[in-house]
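Engineer: Below is one structure. I have some questions about it.
The values are calculated or read from the model by the stated rules, or taken from the named source; none is laboratory data. This structure is a prediction, so every number in the text was calculated from the model and none was measured. Here Cβ is always computed from backbone atoms with ideal geometry, including for glycine, and neighbour counts include all displayed protein chains.
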Amino acid sequence: MVEKTIELTGSSTESIEHAVDLAVARAAVTISGVHTAQVTNIAAEVAHNKVSRWKVTVKLTFQVKEQLHE
């Protein structure tokens, strides 16, 4: 089995979990079989002395399909 890992950044004004969910959902539009999401960084944007947006860096891993090009 061969797997591939990509790195994405998700952001949300709601929560860290929502930012992760958005990154995974966006990847799932073009990639099938994502089975691991590893959060490698969490950051917060601050405006007017309050957190205004959460940003997460996520490594997503999926299995590479066993198809050969002809």
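Engineer: Among the residues of segment 33-46, are any acidic (D, E) and outside any loop (DSSP other than H, G, I, E, B)?
Structural biologist: Here is the first cut: in segment 33-46, the ones acidic (D, E) are 45.
Keeping just the survivors that are outside any loop (DSSP other than H, G, I, E, B) gives 45.
Yes; the residues of segment 33-46 include at least one that is acidic (D, E) and outside any loop (DSSP other than H, G, I, E, B).
Engineer: Being within 26 Å of E66 (Cβ to Cβ), surrounded by 10 or more Cβ atoms within 10 Å (Cβ to Cβ) and not small (G, A, S) is the filter here; which residues of segment 1-55 pass it?
Structural biologist: Selection gives E3, K4, T5, I6, E7, L8, V24, R26, I31, V34, T36, Q38.
Engineer: Within the set of pairs 6 or more residues apart or between chains, which connect a residue that is of a type in the set (D, E, K, R) inside segment 36-57 to a residue that is modelled with pLDDT under 95 with Cβ atoms less than 7 Å apart?
Structural biologist: Partner pairs satisfying both residue conditions: none exist.
Engineer: Anything in segment 1-32 that is in contact (Cβ under 8 Å) with a residue 60 or more places away in the chain and in a strand (DSSP E or B)? List them, or say none.
Structural biologist: E3, K4
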